[in-house]
Each structure stands twice: as C-alpha cells, then as structure tokens.
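Working notes, beginning with the structure itself.
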Amino acid sequence: MPGKGAGATDALSAAIDAFNAAGVETPRLDAEILLSELIGVDRASLIADRDMTLDPAVSRAFSEAVKRRIRREPVAYILGSKGFRHIDLHVDQRVLIPRPETEMLVDLALETGPATVLEVGTGSGAIALAVADEIPGCSVLATDISDGAIEVAAANASRLGLEGQVRFKLGSLPDDPARFDLILANLPYVPDSDSLPPEVGQWEPAGALFGGPDGTEVIADVLGRLNERGIDAPVIGLEIGTGQGTRVEELLASHGWSDTEVRHDLAGIERVAIGRRP
Ligand SMILES: C[S@@+](CC[C@H](N)C(=O)[O-])C[C@H]1O[C@@H](n2cnc3c(N)ncnc32)[C@H](O)[C@@H]1O
C-alpha cells in the first residue's frame, strides 16, 4: 500500500503487487491509470518521471483507489468517468461502462447520416451523446427502463452541452407511432448462465447485462414491440454477442427487416446486426 508522502515509483510497485495478489488482469496499467489521473498528469509523464513524489493528499486518494480496485471494482467506476469516441462520460454503478466495440454503432450512424435517431437502452448515454456530438443537427431520442441510467445519461448530456440535441425517456420505447432515420440499440445480450469476470458480474448492473437463456430475448422483445407500436426506421443496428449473428438475423427477418448483415469487431467477434426496411 502506498504510504503518506510516498514516491510514485514505490506507490506503483506496491499497488501492482496488491493487484497481482487480487487477480487483477492488468495490474500495471490499472495502477498507472489510477495514479496518473489522481495526480492530474498523463500516464507517459508518470512513467517517465521516476523520482516523482506524491503529495500526501494524492497518496491517501491512491490508497483508497487501490483498496477499491483490490475488491475488483472497475477502474472507470473508481475514477467516475470513461472516454467513448470524443467524449468523456460520467459513469457509476447505475450504468454499464461503455465498451470500445460499441463505437461500431456510432460508425453505422455516421455511414447513415441520420437527422433523427432512436436509441433504445441508453445507459450512460454513450451512443446517443456520441452520435449527437459527431452529427451536428441530428436529433436523438434515447430511452432506458432504468431510472438511474436516465439520470446519469441526462446529467452527461448537460455536462457535454448536448441537452438540446438529445432527449431522454424513461421506459423501453416511445409511446406513440414514430418514424426515425435510424434505430440503434445495445440491449442486454449476455446469456443468463454465463459466468462473468468479477469486474462485470459483481459491479455492473445485471439489468444491463443479461438477455435471457440464449441472450437474445430482450432483443426479440424490443423488435416485437417496435412493430406493435408502429415505431420504424429504414435502418436498425443492434449490438450482439459471440455466436448470436444467425439468431439475430433470423429475428430481424421475422420482424420484417431485410438485407440483414452482421459485422465483426476488431477481435473477430460478431458484434453488430443490421436490418433494413425493404
Ligand atoms: C448493455 S447496456 C447498454 C448501455 C449503453 N447503450 C452502452 O452501449 O454503453 C443496456 C441498457 O439497456 C437497458 N435496458 C434493458 N432492457 C431494456 C428494454 N427492454 N428497453 C429499454 N432499455 C432496456 C438497461 O437498463 C441498460 O442501461
């Protein structure tokens, strides 16, 4: 554990030892990220300055952060923020920590060039806010069934000055029939029986993760209710998990979407299913 007034190098190596013992997967990286954020320097400067000494307040804050990380709390919750595309989002245990692969849905929006977007299941607001940030003038309606998520997302919108472009609605879908240029959703898709690393399973909200026995039940339910309510768009993009491409393409087809496509992420995993209206 780093002590009062400790040097940065000693504090880092004590933290790395503690993280290793706790089974943290990336001990050095996590220790460096936490300490550099608390000092307020970039990671490269921290690594380069071997003789850096820590202000006692930083030492204490780092000790607290290390204790939290040893309990396998994710770094993003400890810092209270996560970068996504070009924006920084506040995150806490009410919302899923945005993942880099989810940026593929923002890429789809850029390809499509929509004036109006519906995002279902917004969590921290990552997708809705990145789309608004990158497509000026685009108006986004973002929903979530979790009131905690809507609170976090709305606060992120005002922090980023995007509240004029993004509206939030508590609930799964808009109440009335509506036509958007694009529908995007990263709904829960982890099969209920999957075991997850402690950072995910013990810390992130279960309602953001689990999607029923094969992981596609929430997606199926939302596709059905979009049709029932008359909520439509020429294109829909859904984030999916390993091995779900065929099943989700079938679901899209059975709900009237054609010209379906599955895109893979950088790890080669099926990650986005796209459907179009004929
Ligand atoms: C996997 S998280 C995605 C959060 C965010 N869009 C992101 O990509 O980081 C799924 C979100 O969908 C919400 N959710 C779950 N079921 C839903 C439903 N039927 N309708 C709308 N939102 C739902 C959860 O509360 C959660 O915030």
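The values are calculated or read from the model by the stated rules, or taken from the named source; none is laboratory data. Predicted model, so just to flag it, every value in this text is computed and none were measured. As a convention, Cβ positions derive from the backbone with ideal geometry for all residues, glycine included, and neighbour counts pool all protein chains shown.
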Identify the single condition in (1) of a type in the set (Ser, Thr, Tyr); (2) within 16 Å of the ligand (Cβ to nearest atom); (3) assigned to a strand (DSSP E or B) that residue 260 does not satisfy, given that it satisfies every other one.
(2)
Condition test on residue 207, is it among the small types (Gly, Ala, Ser), touching a residue at least 60 places away in the same chain (Cβ under 8 Å), part of a loop (DSSP other than H, G, I, E, B) and under 24 Å from residue 76 (Cβ atoms)?
no
Scan region 58-70 and give yes if some residue there is modelled with pLDDT of 95 or more, out of contact with any helix residue (DSSP H, G or I) (no Cβ under 9 Å at 6 or more places or on another chain) and not assigned by TED's automatic domain parsing to the domain that holds residue 35, otherwise no.
no
Kindly provide the set of residues from region 218-257 that are more than 10 Å from the ligand (Cβ to nearest atom) and charged (D, E, K, R), ordered by number.
228, 229, 232, 247, 249, 250
Restrict the check to region 138-151 and report whether at least one residue is buried (at least 17 other Cβ atoms within 10 Å of the Cβ) and assigned to a helix (DSSP H, G or I).
yes
If you scan region 164-194, which residues turn out to be under 20 Å from residue 151 (Cβ atoms), touching a residue at least 40 places away in the same chain (Cβ under 8 Å) and either away from the ligand (no atom under 14 Å from the Cβ) or not in a strand (DSSP E or B) (or both)?
172, 173, 174, 186, 187, 188
